[in-house]
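The structure under discussion appears below in the form of structure tokens.
The values are calculated or read from the model by the stated rules, or taken from the named source; none is laboratory data. What you see is a predicted model, and the numbers here were worked out from it, not measured in a lab. With ideal geometry, Cβ positions are generated from the backbone for all residues, glycine too; neighbour counts draw on all protein chains shown.
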Ligand code: ATP
Ligand code: MG
Ligand code: MG
Ligand code: MG
């Protein structure tokens, strides 16, 4: 991709409406544009990152045994009347009427719809366990949409739904998602802490919010620092095995949001280990038993021939919110510092003298070699001064910069700069390619 042809509307000024750094940087780096309160267009650079995040979420869901489907954004109100939530949901639900005066809504979540899909075809315990997920736009008419994509009204969520014969097997399903979430957020360069969350009338210990620590977070959280050093389960995790030892490790150190905070239990943690901070909710997993299957009549025949309502759980990830959360965790005064796994491009080649035949040729050759190795490359071939080029490249935060100019080429060298450390190396073009691939 060549910057001269790329739609990247960089903002020179700091947008006044943006209160937090991730929102400011997403606007300045030309990633998103607000169309109306809490509703954003994803510009090419923003969309690239959104897709990378989505793909990591997808890979980890698949690894954990969940199956992807795609449910619609618009849903019939009648489905929500069955569960009793149509009236209960309140003003956060965007309600729509079609040309036949039928009541519809833009889905804020999908428990009812997935239960409907399930009950239409699954009748026996032999078809369990089952976990279905999709990555789809949601709409919630938030009272105070703010902080850019962090609290939008339209936002992209991954939501998975598990179906099991009984509570014990539902616990396995829950544990699988718990481990999948640990892996998912770690792959994006985030330390997400599972914190006990409210289970409502169901009770029990099967609801966790996954929280990223950030001073701009909307939740107040309390934890034992020991949880920050726990190892992330590996790629070779056997998701068919009993995962409860991992869950025990991760739920033993104290960690709770203010809603669930237990002062006495927190004060039992040695003072030096206690941490109270602010956090961003990037995921939420929840066992809710037969809350929907009972009223919606989603039943299976058990081994003894008796029909029972299925036990369900739901598991959300805020895919679009994650862009904000990752930037909150990875930026400096000059701009974004993308972790390689979600970077829109891996390398930015800075052509210091577009139009100079030797420099253009060297850039084209480097681009071809890096692309051949599977890297996404953005070439800054714009005719502007070096300072502006460096500032743009730092702002958009690609992990590596490859700086190519006529003076260096005369000596047979180019410069490689790592965005995160600022470390620079002067190398031959071939060495530079080898360093990056
Ligand atoms: P919050 O407490 O931030 O309002 P929630 O508890 O209402 O979130 P859930 O119903 O648990 O959200 O949805 C799953 C995930 O979707 C959340 O963990 C969060 O990451 C994301 N999410 C929820 N609301 C929004 C929103 N308005 N904008 C962006 N992401 C959101
Ligand atoms: Mg909410
Ligand atoms: Mg919440
Ligand atoms: Mg939640």
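Only residues that are surrounded by fewer than 16 Cβ atoms within 10 Å (Cβ to Cβ) and assigned to a loop (DSSP other than H, G, I, E, B) were counted in the range 90-127, giving 6. One residue stands out in the range 128-154 among those that are in a strand (DSSP E or B) and under 16 Å from the mean Cα position of the chain (by Cα): the one that is farthest from residue 55 (Cα to Cα), namely 151. For residue 211, the conditions (1) at pLDDT 95 or above; (2) over 10 Å from residue 257 (Cβ atoms) all hold with the exception of (2). Looking across the range 241-269 at every residue that is free of Cβ contacts under 8 Å to residues at least 40 places away in the same chain and outside any loop (DSSP other than H, G, I, E, B), the one that is surrounded by the fewest Cβ atoms within 10 Å (Cβ to Cβ) is identified as 264.
Taking the range 270-290 only, how many residues are within 27 Å of the chain's Cα centre (by Cα) and buried (at least 17 other Cβ atoms within 10 Å of the Cβ)? Full working, then the answer.
Initially, the range 270-290 is screened for residues within 27 Å of the chain's Cα centre (by Cα), giving 275-289.
Now drop any that are not buried (at least 17 other Cβ atoms within 10 Å of the Cβ), which leaves 275, 279-289.
Qualifying residue count for the region: 12.
Among the residues of the range 190-204, is there at least one that is more than 14 Å from ligand 1 (Cβ to nearest atom), within 15 Å of the chain's Cα centre (by Cα), in a helix (DSSP H, G or I) and surrounded by fewer than 22 Cβ atoms within 10 Å (Cβ to Cβ)? There is no residue in the range 190-204 that is more than 14 Å from ligand 1 (Cβ to nearest atom), within 15 Å of the chain's Cα centre (by Cα), in a helix (DSSP H, G or I) and surrounded by fewer than 22 Cβ atoms within 10 Å (Cβ to Cβ). Residue pairs whose Cβ atoms lie under 8 Å apart, separated by 6 or more positions or on different chains, with the first residue in the range 273-287 and more than 27 Å from residue 131 (Cβ to Cβ) and the second within 11 Å of ligand 3 (Cβ to nearest atom), are 278/218; 278/219.
Tally up the residues in the range 290-316 that are touching a helix residue (DSSP H, G or I) at 6+ places or on another chain (Cβ under 8 Å) and farther than 30 Å from residue 217 by Cα, please.
Step one: filter the range 290-316 for residues touching a helix residue (DSSP H, G or I) at 6+ places or on another chain (Cβ under 8 Å), giving 291-293, 295-303, 310-315.
Then keep just the ones that are farther than 30 Å from residue 217 by Cα; that gives 291-293, 295-303, 310-311.
Total meeting the criteria: 14.
Name the single residue, out of those in the range 150-168 being within 16 Å of ligand 3 (Cβ to nearest atom) and over 19 Å from residue 66 (Cα atoms), that is surrounded by the most Cβ atoms within 10 Å (Cβ to Cβ). Filtering the range 150-168 for residues that are within 16 Å of ligand 3 (Cβ to nearest atom) and over 19 Å from residue 66 (Cα atoms), the one surrounded by the most Cβ atoms within 10 Å (Cβ to Cβ) comes out as 150. Of everything in the range 234-264 that is away from ligand 1 (no atom under 16 Å from the Cβ) and in contact with a strand residue (DSSP E or B) (Cβ under 8 Å, 6 or more places away or on another chain), the residue that is farthest from residue 194 (Cα to Cα) is 262. Scanning the range 205-236 for residues that are crowded, with 18+ Cβ neighbours inside 10 Å, away from ligand 4 (no atom under 16 Å from the Cβ) and not in a strand (DSSP E or B) yields 214, 227, 233.
Selection within the range 30-46: residues that are closer than 23 Å to residue 140 by Cα and more than 16 Å from ligand 1 (Cβ to nearest atom). The member of this set that is farthest from the chain's Cα centre (by Cα) is 33.
Contact map, the range 84-96: residues that are free of Cβ contacts under 8 Å to residues at least 60 places away in the same chain and over 20 Å from residue 154 (Cβ atoms) paired with residues that are away from ligand 4 (no atom under 16 Å from the Cβ) and outside any loop (DSSP other than H, G, I, E, B), Cβ distance under 6 Å, separation 6+ or inter-chain. Pairs shown: 86/77; 86/80.
Let's see how each residue does on (1) within 25 Å of residue 46 (Cα to Cα); (2) within 23 Å of the chain's Cα centre (by Cα):
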position	(1), (2)
78	no, no
83	no, no
87	no, no
110	no, yes
156	yes, yes
162	no, yes
